[in-house]
Structure formats: structure tokens, C-alpha cells
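These notes are about the structure you will find just below.
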């Protein structure tokens, strides 16, 4: 069962945390983390733990090689962040999609986002995918992070920016982070 209310203070460096592939055993903790980080990032109310647990459970029960999820564990094993990668076929020039990337706010600015991007990039490259994009909220303060990490803004045909970012070559992310 999901419990909301993670309140541990971050007093560590990025090296103190472990990245690994998520497994079906992570579903309850991943669902809880997804709910908390979604609300921290977007405000308001998002899907409930019950909904997220069902979604993640379905994803892992229909496991295929076309997607992956990476989690960040604290030294005590608690999940504090995750990213999900999937193939992308709709926008020419981008073969992978960073479908989700969330880290608990109290762990921001430790270098964990860079580590997640590097790990996701290496996983994509291992599958023959050398570019990726993401779709976010155009008003999200995290957008500056994507730009600092070398992403380009993706504009709609009319010139509007809706929160999409892309990396045409993820080799530098994989090599440096």
C-alpha cells in the first residue's frame, strides 16, 4: 500500500546513491514515489497511488525490451528518483523518449539528474538509439536543467514552445554523466 510523505533531508553527494534497473518488486515504492514527485513538480493533485501502482504493475507484467525504468536508491535502499525511457517514432530525428524523469525535491542539486540522464543515454545507446526527446510543461522550472544539459527547445510549426526538448546526439550525455 502506498504512503505519501517522504521527508528525509539530503545531506549526501550523488556518489552516495545507486542507480539500477527497476524491477516488478519496486512497483509499490515506485508508485508512491511517482505520486509524490508528480505533485512536487506539477502541483495540485495527480493520479493516486492506487492508479500509479496499477499502471506500473501493468507495465512490468507486460515487460518487453522496448522500454526501461531506472531508479535511484539512497544508501538505505529508499527510492528517491526514477526515469523511464521508451522508443519514439513521431518526430523525425529523435528515436528515444525520456518519458519520465522525477527526483524528490529534497534531492535536487546533488547531481542525480545528470546521473539519470547519463544512465538513460547509455541504455538508449546500447539499444541502438542515439537521440532522445522529452515532453514537459513549458512553465516548469526544471526546463533550465534540460537546457544546461545541452537539450534544444522543440518548437511547434507555429513557433510556440510547449515544453518539448531534444538531444540530437546523446553520446556526450552518456560519456560525461
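Read-outs: derived from the displayed coordinates by stated rules, not from any lab. The structure displayed is predicted, hence computed values, not measured ones. Here the Cβ is made from the backbone with ideal geometry for all residues, glycine too, and neighbour counts use every protein chain on show.
Sum -39500 (n - 2.57) across every DSSP H segment of at least 4 residues in the chain, then divide by the residue count to get the 222 nm mean residue ellipticity, nearest 500.
-9500 deg cm²/dmol
Full-extension gain between residue 139 and residue 16, please, as 0.36 nm times their residue separation minus the C-alpha to C-alpha distance.
41.2 nm
I'd like to compare 64-73, 41-50: which one has the highest average count of other Cβ atoms within 10 Å, and what's the full order after that?
Taking the mean over residues of other Cβ atoms within 10 Å, the ranking is 64-73, 41-50.
If a/c stays under 1.5 just call it rounded; otherwise compare a/b with b/c (prolate if a/b is bigger, oblate if not). Do that for the chain, with a ≥ b ≥ c from the square roots of the Cα gyration tensor eigenvalues.
Because its axes are fairly even, with a/c under 1.5, the chain counts as rounded.
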